[in-house]
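Visitor: Let me give you the structure first, and then I'll get to my questions.
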Amino acid sequence: MKTLYKLIKSLFYLGVITAVLGFCAGVAVAIIVGRDIPQLPDELEKLVLNTRTEFYSSTGKLIATMGEKNRVPLSRISPHFRHALLAAEDYDFYKHAGISKTGILRAIWTNIRAGRVEGGASTLTQQLSRNFFFSLAQTSSRKIKEILLAFQLEYMFEKDEILEAYCNNMYFGSGAYGIEAASRVYFAKHADQLTVAEAALMVAVLNGPSLYNPYAHPGRARNRQLWILGRMEALGLISGPERLAAEQEELRLKHYTEAEARSNYFLDYVKGTITRQFGEQFLYYGGLKIYTTIDQRMQSAAVAAMAGNLRQLDGLFGLPDYAARSDRAANGDYPQGALVAVESGTGAILAMVGGRNYQDSQFNRAESSNRLPGSAFKPFVYYTAMQETGLSPASTLVDSAVTYELPNGQTWSPNNFEMDFAGRITIKKALEKSRNVIAAQLITMAGPERVAETARRFGITSPIMPTPSLALGTSGVSPVEMAGAFSVLATGGVYYEPYAIKRIEDTRGNVLLDPIPRGREVANPQLVYQVVDMMQGVMDRGTGAVIRRMGFTRPAAGKTGTTSNYRDSWFVGFTPGISTACWVGFDDNREMRYDDNGYMRGLTGSRGAAPMWGMFMLKATEGAAGLDFSVPPGIDFLEVDAFSGLPPSPSTPPGELIRAALLPAQVDAVLQKAGRTGDNSPQPQFDPLDF
């Protein structure tokens, strides 16, 4: 019995010592971590004024802000919103002292199972305190700070003061901070006028301003709203009939142009980049200074080019004036467009327009669309074919009817756009004229898988189906991908990933992000230049010649793209310094056809997207030096017949002469085939005229 008494006594003292040590350790951690807790203002309403995020252009000029709030007292906030908020986020708000014991235990269990700090069900007080902490990741120390500050908030302020600050401080998406701004943005009314259904939707958005944005994701927002209404009924905050009436209420979302004017497609791209990398809280509550790559002069030129080009196409399609239309829903009946310009030697995005009107549609077609590039994909095919087979721009193939057996047992018989054949033709001339049959032969020789590998090395990240029809651009891409990929040609084989953010600073001036553009060599400079030289022919004499007729005379190269049934119109081109991708099409992927004196024609890359490229680049390069493309060592130039690939004879028409950029061995091969003497350079293992 005495032994048992000693054991119990020892365990008691051990427990006391453990508790004391645990308490001391907790106090020590709280003191150490608490040193970084910010000083709370005497009046909680001041919290509403201190988290503005600013966006700057590439020259450091302020171009936009987010975070301004329209503060209203709690008495001017609909009780429906307060009830929905408490039901969904923190029903015990008026009972706890800043934290929820059950919520913490649930969060601890969740984090233990996950093996990392993932966060948990936070009270409204904790969520409000989180706005003072600006961290790139969920960490234990940040969570402790959040709890300590929540206690401090509860100690210093009344519950209604905390709730009022919360309602005025949180982000509701679409540029709206605080419930008053959100009510005006989404419903064009004040916060005290919200119905039960509207209030539930506003609380739904709070759970994830991007994820549950009713403009971008109406289905998700609706499901979350219905859950909140059910929760309100279960807690006795509304009756069954009230819930049913709210579920059946037709919500008419309004556009609030004042808020929309503070954003655009490029800023959405910047915000999306930050959110994907650091999380929404980093962006919405950080009070950041975000220095972007945007060139305001070029951005203005891009907006003007988009508007001018699409206005011309509206007339071509017989559509009424877009600005004068009465029904915003008719937006889908008009062609859309996208334009992205990147600096070739860095990847900096200089201009981005993702549609004809941001207020009508926030979908960023420059980034998020996945459209077939058509013949704009051919430069990847030509580069790969020359790399794999030793072909040169002066090599010839026969443009005639061909049929290929596909792995699935079907056959593929590609046709040229003009539905004719040119016979023997150099591959340079074939690219100038965008001959589909030649591209099909080239991808068959090189292998579709190798062409897909080339495209991926050049920066195409969208899924690519390595089939023979890939030669004609049958895998979807985005304009920003194409602008980045074609910049590889402008740099002589070096890829720089397109980026939009130069630097991010916090409220104290600490640099949080300062990326350094790093290029990687992905292609042979000599082969790249041969492709560039061929693509200059596209601009000067081929399908892109419309741009020269517009008065753009600077050294440039590019490629048109027209897809089957005229659903997509592309032009992607570049100067030594700027790579620009332009796309035109309908959002519903309908065909683009117009009446030409009784004959229905389809919209090509030359007629649709190329003029937009020309309009933009004329302004974008205004006043800049007219630099030419650098010729790498080992490239020689030889004038040849565009169809035979041989040096011209006296009878060769001047219009059939082209200048081919060749390697020394390729020059010798051409001269020897013509019966002339070349030097002793190693000969390629092919006969240029046998292809």
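Bear in mind these aren't lab numbers, they're just calculated from the coordinates by the rules spelled out. Being a predicted model, the structure only gives us computed values, none of them experimental. Here the Cβ is made from the backbone with ideal geometry for all residues, glycine too, and neighbour counts use every protein chain on show.
Visitor: Given a Förster radius of 30 Å and the C-beta distance between residue 235 and residue 99 as r, what FRET efficiency does 1/(1 + (r/R0)^6) yield to the nearest 0.05? Let's see the in-between values first.
Guide: Details: r = 20 Å, r/R0 = 0.68.
Computed FRET efficiency for residue 235 and residue 99 comes out at 0.90.
Visitor: Could you pull out which residues in segment 412-426 have an amide N less than 20 Å from a spot 7 Å beyond the Cα of residue 600, following the Cα-Cβ vector?
Guide: 417-419
Visitor: If Lys and Arg each add +1 and Asp and Glu each add -1, what is the summed charge of the other residues whose beta carbon sits under 13 Å from the beta carbon of residue 308? Kindly include the intermediate steps, with their values, before the conclusion.
Guide: Values: positive: 311, 356, 619; negative: 314.
My count for the surroundings of residue 308 gives +2.
Visitor: Would you mind ranking 411, 580 by Cβ crowding within 10 Å, fewest neighbours first?
Guide: Numbers: 411 9, 580 30.
Ordered from fewest to most neighbouring Cβ atoms within 10 Å, 411, 580 come out as 411, 580.
Visitor: Multiply the residue separation of residue 408 and residue 503 by 0.36 nm, subtract the distance between their alpha-carbon atoms, and state the gained length in nm to one decimal.
Guide: Details: separation 95, 0.36 × 95 = 34.20 nm, distance 5.03 nm.
29.2 nm is the gain from fully extending residue 408 to residue 503.
Visitor: Using each residue's phi in segment 150-164, evaluate 6.51 cos²θ - 1.76 cosθ + 1.60 at θ = phi - 60° and report the 3J(HN,Hα) Karplus result to the nearest Hz, with x for Gly and Pro.
Guide: In residue order, the calculated couplings are 4, 4, 5, 4, 5, 6, 8, 10, 6, 4, 5, 5, 5, 5, 5 Hz.
Visitor: Using a simple spin-label model with points 7 Å from Cα along the Cα→Cβ vector, what separation in nm is obtained for residue 304 and residue 52?
Guide: Roughly 3.0 nm, to one decimal.
Visitor: Mind giving me the nanometre distance, one decimal, between the label points for residue 550 and residue 62, set 7 Å out from Cα along Cα→Cβ?
Guide: For residue 550 paired with residue 62, the spin-label model returns 3.5 nm.
Visitor: Among 361, 395, which comes first, then next, by fewest other beta-carbon atoms within 10 Å? Write out the running numbers ahead of the final one.
Guide: Values: 361 18, 395 27.
Result, fewest neighbours first: 361, 395.
Visitor: Using the Cα centre of segment 384-447 as origin and beta-carbon charges of +1 (Lys, Arg) and -1 (Asp, Glu), tell me which of 409, 394, 441 is placed farthest towards the positive end of the dipole.
Guide: The Cα lying farthest towards the positive end belongs to 394.
Visitor: Could you list which residues have their amide H under 5 Å from that of residue 56, counting only those 5 or more apart in sequence or on another chain, with H placed in the peptide plane?
Guide: Amide H neighbours of residue 56, under 5 Å, 5+ apart: 63, 290, 291, 292.
Visitor: Here's another thing I want to ask about it. Most exposed first by the Cβ proxy, i.e. fewest other Cβ within 10 Å, how do 61, 289 rank?
Guide: Numbers: 61 10, 289 20.
Going from least to most buried by this count: 61, 289.
Visitor: Kindly list the residues of segment 581-596 that lie in the label zone of residue 564, defined by a backbone N under 17 Å from the point 7 Å along the Cα-to-C-beta vector.
Guide: Residues 589-592 qualify, since their backbone N sits under 17 Å from the label point.
Visitor: Could you give the length gained on full extension between residue 456 and residue 319, defined as 0.36 nm per residue of separation minus the Cα-Cα distance, in nm?
Guide: Working: separation 137, 0.36 × 137 = 49.32 nm, distance 3.89 nm.
45.4 nm is the gain from fully extending residue 456 to residue 319.
Visitor: Right, something else. Through the Karplus equation 6.51 cos²θ - 1.76 cosθ + 1.60, θ set to phi - 60°, convert the phi angles of segment 310-316 into ³J(HN,Hα) values in whole Hz; use x for Gly and Pro.
Guide: Karplus-based 3J(HN,Hα) across segment 310-316 equals 5, 5, 5, 5, 4, x, 4 Hz.
Visitor: Moving on to the next point. Could you work out how far apart the two model spin labels at residue 400 and residue 516 are, taking each label as a point 7 Å from the Cα in the direction of the beta carbon, and quote it in nm?
Guide: Those two pseudo-labels are separated by 5.8 nm.
Visitor: For segment 520-533, what does the Karplus curve 6.51 cos²θ - 1.76 cosθ + 1.60, with θ = phi - 60°, yield as ³J(HN,Hα) per residue in whole Hz, taken in order and with x for Gly and Pro?
Guide: Listing the rounded values in order: 10, 6, 10, 8, 6, x, 5, 5, 4, 5, 4, 5, 4, 4 Hz.
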